[in-house]
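Here you go, one structure.
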């Protein structure tokens, strides 16, 4: 009960602390060894008692999320040290920013993809961010959905397909080789739609069945589906370049404000698997794998700064397919490997 009492006092201090004070108090917080080993209901109960940043529960989406993560080695490609924003006052950066409302004419920004039973987060998140950036760069004139399937199946230097891949190489592939239009599973108005159906039931969506096993990486086919009226060659789009975003919070914010969403790799721990809503901060549970996600903005709630992030697990995961994660302490290494590309 003394731990709980101390935690309550700690929370009351956070409520009246500045953003800088909150981050300073959390950055070097140690997670007890016994908390690192928790799983399932024990972990859920621990989270309910020892933190109030986010709510957690065991759901069917928890199982799908956990089994479709990729190996953490794909997160550690070209890592760079974090750069402190010591001499940057950030006067040009607003307190909150949401790409969805800043560029309301870009429909891709409000679309949540579903990677299904494949560790394709690296390709799906990259294709999603590229779709956003094409629309933003064209001031809404080009509304396209870049094919995650094309990147997943044809970028042989990116990694291991459904077992994981490097985000920076996915952006390079789009700049050098290009990719065609895509869409969700079953889409007809595109060249190469996503090949795997969503797993299980999803609200207001067609039920295609359960996922019976981990999917194999699809074959690279440089041709469009028969229902589409363009050739693969005519449909293909290319970017201009691929680059690592400087490893600082303000640099990431400016990149998003200027060019649109970015993609980053994070280390996933057991407590994120059970996320329902709120601002996620790693609190307990063991490491379970790596994951690539799209950052679309940021904000602050009750003094706690956060990133606004689109996941690729359909709309009924987290906060309607999105989640918020604490900003400024490199939690789960979210600020250490951010990638983008000009289109």
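For segment 56-75, check the following and say yes or no: at least one residue is modelled with pLDDT under 85, surrounded by 12 or more Cβ atoms within 10 Å (Cβ to Cβ) and assigned to a loop (DSSP other than H, G, I, E, B).
There is at least one residue in segment 56-75 that is modelled with pLDDT under 85, surrounded by 12 or more Cβ atoms within 10 Å (Cβ to Cβ) and assigned to a loop (DSSP other than H, G, I, E, B).
Does any residue of segment 189-198 turn out to be surrounded by fewer than 19 Cβ atoms within 10 Å (Cβ to Cβ) and not in a loop (DSSP other than H, G, I, E, B)?
No: zero hits.
Moving on to the next point. Give the residue, chosen from 253, 205, 247, that is assigned to a helix (DSSP H, G or I), out of contact with any helix residue (DSSP H, G or I) (no Cβ under 6 Å at 6 or more places or on another chain) and either buried (at least 18 other Cβ atoms within 10 Å of the Cβ) or at pLDDT below 95 (or both). Let's see the steps before the verdict.
Values: 205 fails: assigned to a helix (DSSP H, G or I); 247 fails: assigned to a helix (DSSP H, G or I).
So the residue among 253, 205, 247 that is assigned to a helix (DSSP H, G or I), out of contact with any helix residue (DSSP H, G or I) (no Cβ under 6 Å at 6 or more places or on another chain) and either buried (at least 18 other Cβ atoms within 10 Å of the Cβ) or at pLDDT below 95 (or both) is 253.
For segment 1-45, which helices (runs of 4 or more DSSP H) that fit wholly inside it have 1 or more residues that are at pLDDT below 50, surrounded by fewer than 10 Cβ atoms within 10 Å (Cβ to Cβ) and more than 29 Å from the chain's Cα centre (by Cα)?
Hits in segment 1-45: 2-15.
Scan segment 146-165 and give yes if some residue there is closer than 29 Å to residue 250 by Cβ and surrounded by fewer than 24 Cβ atoms within 10 Å (Cβ to Cβ), otherwise no.
Checking segment 146-165: not a single residue is closer than 29 Å to residue 250 by Cβ and surrounded by fewer than 24 Cβ atoms within 10 Å (Cβ to Cβ).
Residue 283 - would you say it is touching a strand residue (DSSP E or B) at 6+ places or on another chain (Cβ under 9 Å) and either in a strand (DSSP E or B) or over 30 Å from residue 42 (Cα atoms) (or both)?
In short, no.
Oh, and also: Out of (1) part of a loop (DSSP other than H, G, I, E, B); (2) modelled with pLDDT of 95 or more; (3) farther than 23 Å from residue 106 by Cα; (4) out of contact with any helix residue (DSSP H, G or I) (no Cβ under 9 Å at 6 or more places or on another chain), the odd one out for residue 186 is which?
In the conditions (1) part of a loop (DSSP other than H, G, I, E, B); (2) modelled with pLDDT of 95 or more; (3) farther than 23 Å from residue 106 by Cα; (4) out of contact with any helix residue (DSSP H, G or I) (no Cβ under 9 Å at 6 or more places or on another chain), residue 186 misses (3) alone.
Go through (1) more than 16 Å from the chain's Cα centre (by Cα); (2) crowded, with 16+ Cβ neighbours inside 10 Å; (3) modelled with pLDDT of 95 or more and name the single condition residue 274 misses.
Residue 274 satisfies all of (1) more than 16 Å from the chain's Cα centre (by Cα); (2) crowded, with 16+ Cβ neighbours inside 10 Å; (3) modelled with pLDDT of 95 or more except (1).
Out of (1) more than 15 Å from residue 269 (Cα to Cα); (2) surrounded by 12 or more Cβ atoms within 10 Å (Cβ to Cβ); (3) more than 25 Å from the chain's Cα centre (by Cα); (4) at pLDDT 90 or above, the odd one out for residue 48 is which?
Result: residue 48 fails condition (3) only.
Moving on. Select from segment 290-321 the residues that are in a strand (DSSP E or B) and surrounded by fewer than 21 Cβ atoms within 10 Å (Cβ to Cβ) and list them in ascending order.
If the condition is that a residue be in a strand (DSSP E or B) and surrounded by fewer than 21 Cβ atoms within 10 Å (Cβ to Cβ), then 299, 300, 301, 319 are the ones that fit.
The values are calculated or read from the model by the stated rules, or taken from the named source; none is laboratory data. Nothing here was measured: the structure is a model prediction, and the numbers come from that model. When we count neighbours, we look across all protein chains shown, and the Cβ atoms used for this are built from the backbone with ideal geometry, even at glycine.
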